[in-house]
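Here the structure comes first, spelled out in structure tokens, and everything after it is commentary.
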Amino acid sequence: MTEGARAGDDVKAAQAAEGAADSPDVRERDVLVRVRGLRKHFPIRSGVTRRRAGAVKAVDGLDFDIREGETLGLVGESGCGKSTTGRMVMRLLEPTEGTIEFGGRDITGLSRGQLRPLRRDFQMIFQDPQSSLNPRHTVGTIVGLPFRLQKVTPEGGIKKAVQELLELVGLSPEHYNRYPHEFSGGQRQRIGIARALALRPKLVVADEPVSALDVSIQAQVVNLLDDLQNEFGLTYLIIAHDLSVVRHTSDRVAVMYLGKIVEIADREDLYSSPKHPYTVALMSAVPVPDPARRETRERILLKGDVPSPMDPPPACRFHTRCWKVQDICKTQEPPLAEITGRHQVACHFPENVPAGEGGAVEVVELVKPGAAADVDAAAAGVAEASVTDVDASGAEAADADAGGPTDVAEPKDTPPTSAP
Ligand SMILES: Nc1ncnc2c1ncn2[C@@H]1O[C@H](COP(=O)(O)OP(=O)(O)O)[C@@H](O)[C@H]1O
Ligand code: SF4
Ligand SMILES: [Mg+2]
């Protein structure tokens, strides 16, 4: 772990200890979001009659809770259904099946009109700060839009509130009349964050909030999200395509594979004792900045590509790539079951499980890094150092951006591009 990572962890630990006296452990707090049986099947139509020819099973039966004030990290390779999940939680996409409760209220069946007053409580930060901000609008208009949409007049007026928000996210009140193109990618993401926080939401869904940013900027944005969470008691669902980004921000982490959660656990538990073979493989692919550790590190080869979500493998969906596969894996779906403590895993033969606690422990085939050229590239994300080694107060450089929705917070129901 890097210095920055340790510092980040220390801060979290200190905050946890500080808060322990007057607030319950985050794990004991009330559930803010409860998701049950969530599915999204996108129909595929063909021919002139637009006959239904199948479906992309993007999300295929998710159960999870997010407690007040916690950060749940949602991780998995590109195309496994993370964004679809985030957009359903935000009610920007209609689920095919299942329920979403927010603050104890079932919001699944609410109409757009019924949802409008609730929208201020849940906001989204998009992957791409470039296209999620309307280029024709000034920063003042963009960040002030939620007030206008919700017909909220803050004390002192919208302009003052927007300027305070800009300061809050590390920008200057003078930026009020500027346009998005005048900013670097990191600054644009700060504008997106300011807009998301305008109405002081309870839940923020951040879909790959730093993936499109230059690695040198990522730590600053991650640290900003952390600071804002502490200041406003925000609850986060943070989506990422690799384990390194969520490692230092999440209280719990859920790992997705082909539309399903295969493992969910407290962060420490997951990182110290991953149980699903897929999680173990993802973990082994996270780059290690320390050359000495890199030398001794072992990587796991995942054979083959991710199967199509149109026709996922039966029973355990990971069986076509799993080095531990047995006959039962191809015929019986392993349920997502609690193995130890609050650690849930969907596997017939989980790793790191003491004998007698629900799973045969097997020898894992490990491959030395030199031979691991074909390690699943999608699993390898930004280097651990990238989100931890940079001073949060440092100046931002111009950086790269990628695609995303516009600043009217209702993106269209179109196939997203793959995560980087
Ligand atoms: N509107 C859509 N129509 C058809 N397929 C879609 C649509 N949106 C997403 N998909 C498909 O659903 C799967 C999951 O997509 P997504 O949720 O974007 O994954 P992730 O965010 O994990 O990369 C992918 O196969 C994707 O192509
Ligand atoms: S159920 Fe079988 S195939 Fe699936 S992850 Fe576990 S060991 Fe591998
Ligand atoms: Mg996505």
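The values are calculated or read from the model by the stated rules, or taken from the named source; none is laboratory data. This one's a predicted model, so the numbers in the text were calculated from it and none came from an experiment. Every residue, glycine among them, receives a Cβ derived from its backbone with ideal geometry; neighbour counts consider all protein chains shown.
Total residues in region 205-221 satisfying the condition of being under 22 Å from GLU70 (Cβ atoms), in contact (Cβ under 8 Å) with a residue 60 or more places away in the chain, out of contact with any His (no Cβ under 8 Å at 6 or more places or on another chain) and not in a strand (DSSP E or B): the figure is 4. I'm trying to understand the selection: among the residues of region 160-180, which are closer than 16 Å to ALA196 by Cα and among the charged types (D, E, K, R)? Result: GLU164, GLU167. The single condition among (1) over 27 Å from VAL262 (Cα atoms); (2) under 19 Å from the mean Cα position of the chain (by Cα); (3) part of a helix (DSSP H, G or I) that THR85 does not meet is (1). Residue check: is GLN229 over 16 Å from the mean Cα position of the chain (by Cα), outside any loop (DSSP other than H, G, I, E, B) and among the polar types (S, T, N, Q)? No: the conditions fail for GLN229.
So that you can scan it fast, the table gives a plain yes or no per residue for (1) in contact with a helix residue (DSSP H, G or I) (Cβ under 8 Å, 6 or more places away or on another chain); (2) under 18 Å from VAL205 (Cβ atoms):
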site	(1), (2)
THR108	no, yes
LEU115	no, yes
MET124	yes, yes
PRO135	yes, no
THR141	no, no
PRO154	yes, no
GLY157	no, no
VAL162	yes, no
LEU168	yes, no
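Each row is one residue, and each column tells you yes or no for (1) out of contact with any His (no Cβ under 6 Å at 6 or more places or on another chain); (2) at pLDDT 95 or above.
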residue: ALA5; (1), (2): no, no
residue: VAL26; (1), (2): yes, no
residue: VAL33; (1), (2): yes, yes
residue: VAL75; (1), (2): yes, yes
residue: THR85; (1), (2): yes, yes
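Take the residues of region 221-263 that are away from ligand 1 (no atom under 16 Å from the Cβ) and of a type in the set (Val, Ile, Thr): which is nearest to ARG87 (Cα to Cα)? Ranking the candidates gives THR235 first.
Against the condition within 25 Å of HIS241 (Cα to Cα), of a type in the set (Lys, Arg) and more than 12 Å from ligand 1 (Cβ to nearest atom), how does ARG91 come out, does it pass?
Criteria met by ARG91.
Within region 109-122, not a single residue is on the phi < 0 side of the Ramachandran plot, assigned to a loop (DSSP other than H, G, I, E, B) and in contact with an Asp or Glu (Cβ under 9 Å, 6 or more places away or on another chain).
Just so you know, in region 117-169 the residues that are within 28 Å of the chain's Cα centre (by Cα) and of a type in the set (S, T, N, Q) include one that is surrounded by the most Cβ atoms within 10 Å (Cβ to Cβ), and it is GLN127.
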